[in-house]
Amino acid sequence: MFRSLHMKLVLILVLLIVSVMAVVGIFLINSVGTFYLEDFRSQVQDTLWTGDVMAAMENAAANGPEALKNVVAAYDTQLGLDQYRSFSILDAQGKYLAGSAANAASAEQFYRRPNIVSAMAGKASCAGSVIDNYMDYAIPVQLGGSVRFIVYINDDKQEISELSSRYFAIVMQAMMFGLVVAILLSFLLSKTITTPLENITQGAKRIADGDFRQQLPIQSSDEIGELTSAFNYMARALHATINEVQGERNKLETIFLHMTDGVAAFTFDGKLIHMNPATESYLGVRFEDNVAFEDMFGDLALPEKVEGRRTYLQNEITRYGRILTVTLAPYGSIGGDGGVMAVIHDITEQRKLDDARREFVANVSHELRTPLTNIRSYTETLIDAAGELPKETEIKFLGVVTSEAERMARIVTDLLTLSKLDYNQMDLRFTHFSTHAMLEAVYNAMVLNAGEQGHSFRMDVPDTLPDMNGDRERLEQVVVNIVSNSIKYTPRGGHIAMSARMLDERKLEIVVEDDGMGIPKDDVPRLFERFYRVDKARSREKGGTGLGLAIAKEMVEAHRGSIRLESELDKGTRVTILLPIDLPLEDA
């Protein structure tokens, strides 16, 4: 109950009022007692302890205690004698002789009091304390230089006690009234202080629950109002900061989920903490399977836990036909919540590109070296035997040189074409032309070549094909290359067909198919790679460079189309080209 600030403030104010009233009451009562004691002393001294009165008492003492009694009684008003205050005449030994007391028995209580003892020694005394239950004054009356009688004034403090009781009652009433007022005021004060604090507490709890939109009302301009204002500012700043952090977290989470590289986090003892979908795809595992580091990476070692130094390991593994590099690096605190981060990068395509690049250089070198060697051999023979060879032989040799030079020119031209396509520097001249006329031109150009090889070449292109936009010359080159390949790689007496049709209002399909030797299944995905040939010896024998299909693919894609090749060994090949017919002429 008293752990509440509200109740503590109430209790403090109540205790403060009680303490103040108690101090005031004690001080007041003590002041009243001190006042009465000083007043009693001054009355006795001012009345009896004077030269005339002392002389009168000494003269009366010679006539006995009754005469002395009469002298003292004459000053009863000045001495304040009443029912509470009385006087007595005592002998030199303190025995009661006469006085205002009812009888001697009632005076026995005075016997041997300190002031009486002092008076017996000849010294008037009014010593006393507020805490005593009486006040007294003893005055010695001497005759012949010795104490003959003692005038003893006694006050039983009954009046003071009654007055103190009344004062005490007044103080208690004032204290009770003060307590009521203090409690009411303390409740109001504590509510004034604790209500904003309770609001701030509730606001802090709502912030802890994620509600940053609430703003606390500012009810005053004092320190509590400033605290409330600072709390509202803190809530706004915290909201903005958390939104910023959440935005960055969402960005990182999006990157983490959709990045092509695999990322996995482990504790230093190899327990999996998190991984992205790319990791699951590369390694064929699932996070729900609770796999560990050794289950995912086999015998790879975790980086050493060296305080103050960051080490990382890089390894290469193979999974499901992919070549992967795994980089392992520690993160966080070694002795805290740190761990090891694994980054997995697929370098399969890079390796293929490296191999293709090396193979490309080797193929280009070989393709150019062969015609150069032939040209060099035939020209050297012509130079060495100048004028000695028959004319027919010279013409034959020069024909070979010309043929090889044309072959080199075709290779260089194809390489330049691919280079321009790679760097978007190919000048395409888009025109509006007849699709049927273009395919018919291809047919007319290749039908004689097919006939020379003993093939049957058939064209199935309807006259109703709509005209299209594109670079007619480049598209003719694409179709010619494909038909040429069918003629080259189809055994004598084969059948070749070229057809075209509209798939929808804007998509043209061109198909070239044959019943030739076909292509092995494993080689089909690589046929559009540069210089790739299934049977390199036979391809070179037939004059192929391995660039025709690569150029065809690039050219078709430059027209926003696609090309697809389907083949089965010893059963033939089918090449399908899809082209849009309504390309804008300004896209060239």
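The values are calculated or read from the model by the stated rules, or taken from the named source; none is laboratory data. Computed from a prediction, not measured in an experiment: that's the story for all the values here. Heads up, the Cβs are rebuilt from the backbone with ideal geometry, glycines too, and the neighbour counts pull from every protein chain shown. All accessible areas refer to the heavy atoms of the entire protein, side chains included, with ligands and DNA or RNA removed. Shrake-Rupley method; radii C 1.70, N 1.55, O 1.52, S 1.80 Å.
For the pairs 352/571; 251/553; 488/521, note any where the Cα-Cα span goes beyond 27 Å. Working shown, then result.
Details: 352/571 29 Å; 251/553 37 Å; 488/521 19 Å.
The answer is 352/571; 251/553.
Computed over the range 365-497, relative contact order equals 24 percent, with contacts defined as Cα pairs under 8 Å that lie 6+ residues apart. Considering the values (1) 28.8; (2) 30.1; (3) 38.4, which represents Kirkwood radius over Cα pairs in Å as calculated for the structure under consideration? Computing Kirkwood radius over Cα pairs in Å and matching it to (1) 28.8; (2) 30.1; (3) 38.4 gives (3).
Just round it to a whole percent: the fraction of Cα-Cα distances in the range 163-321 exceeding 23 Å. Please report the intermediate quantities before stating the final value.
Working: 8519 of 12561 pairs.
Tail fraction, whole percent: 68.
Among residues other than residue 347 with Cβ under 13 Å from its Cβ, the summed charge is -2 (Lys and Arg +1, Asp and Glu -1). Taking Cα atoms only, the orientation of helix 391-422 departs from the longest principal axis of the chain by about 20 degrees. Histogrammed with a bin width of 10 Å, the alpha carbon distances of the range 16-72 distribute as 21, 26, 19, 14, 12, 7, 0 percent, first bin at zero.
Extension gain residue 348-residue 73, at 0.36 nm per residue separation less the Cα-Cα distance, in nm?
Working: separation 275, 0.36 × 275 = 99.00 nm, distance 13.53 nm.
Full-extension gain reported as 85.5 nm.
Taking the longest Cα principal axis of the chain as reference, the axis of helix 51-61 is set at about 50 degrees. Here the Karplus curve 6.51 cos²θ - 1.76 cosθ + 1.60, taken at θ = phi - 60°, turns the phi angles of the range 451-460 into couplings of x, 4, 8, x, 9, 9, 10, 10, 10, 10 Hz, with x standing for Gly and Pro. Dividing the summed -39500 (n - 2.57) terms of all DSSP H runs of n ≥ 4 by the residue count of the chain sets its mean residue ellipticity at 222 nm at -17500 deg cm²/dmol.
Would you work out the relative contact order for the chain, in percent, from Cα pairs under 8 angstrom that are 6 or more residues apart? Could the numbers behind the result be given before it?
Working: 799 pairs, mean separation 42.9, N = 588.
Over the chain, the number comes to 7 percent.
Applied to the range 462-473, the Karplus parametrisation 6.51 cos²θ - 1.76 cosθ + 1.60 on θ = phi - 60° returns per-residue 3J(HN,Hα) values of x, 5, 8, 4, x, 5, 9, 9, x, 8, 4, 4 Hz, with x for Gly and Pro.
Mind giving me the FRET efficiency for residue 169 and residue 12? R0 is 30 Å, r the Cβ-Cβ distance, nearest 0.05 is fine. Write out the running numbers ahead of the final one.
Details: r = 27 Å, r/R0 = 0.89.
Rounded to the nearest 0.05, the efficiency is 0.65.
Please enumerate, by chain and number, the aspartates and glutamates with C-alpha under 15 Å from the C-alpha of residue 507, excluding those fewer than 8 residues away in the same chain. Partners found: 467, 557, 582. For the peptides 169-178, 145-154, the ranking by packing is 145-154, 169-178, with the highest mean count of neighbouring Cβ atoms within 10 Å listed first. Of the residues 433, 302, 496, the one whose Cα sits farthest towards the positive end of the charge dipole of the chain is 302 (charges of +1 on Lys and Arg Cβ, -1 on Asp and Glu Cβ, taken about the Cα centre).
Considering only 60, 448, 475, the residue lying farthest towards the positive end of the dipole of the chain is 60, judged by Cα position with unit charges set on Cβ. Couplings for the range 259-264, taken from phi via the Karplus curve 6.51 cos²θ - 1.76 cosθ + 1.60 with θ = phi - 60°, read 5, 6, 7, x, 9, 9 Hz in order; Gly and Pro are left as x. Under 5 Å from the amide H of residue 276 lie the amide H atoms of 263, each residue being 5 or more positions distant or on a separate chain, with H modelled from the backbone and absent for Pro and chain starts. For residue 547, nonlocal amide neighbours, meaning residues 5 or more places apart or on other chains whose placed amide H falls under 5 Å from its own, are 531.
Taking amide H atoms as placed 1.01 Å from N in the peptide plane, the amide H of residue 471 lies under 5 Å from those of 431, each 5 or more residues away in sequence or on another chain.
The candidates 69, 271, 191, 157, arranged from most to least accessible area with a 1.4 Å probe in the full protein assembly, appear as 271, 191, 69, 157.
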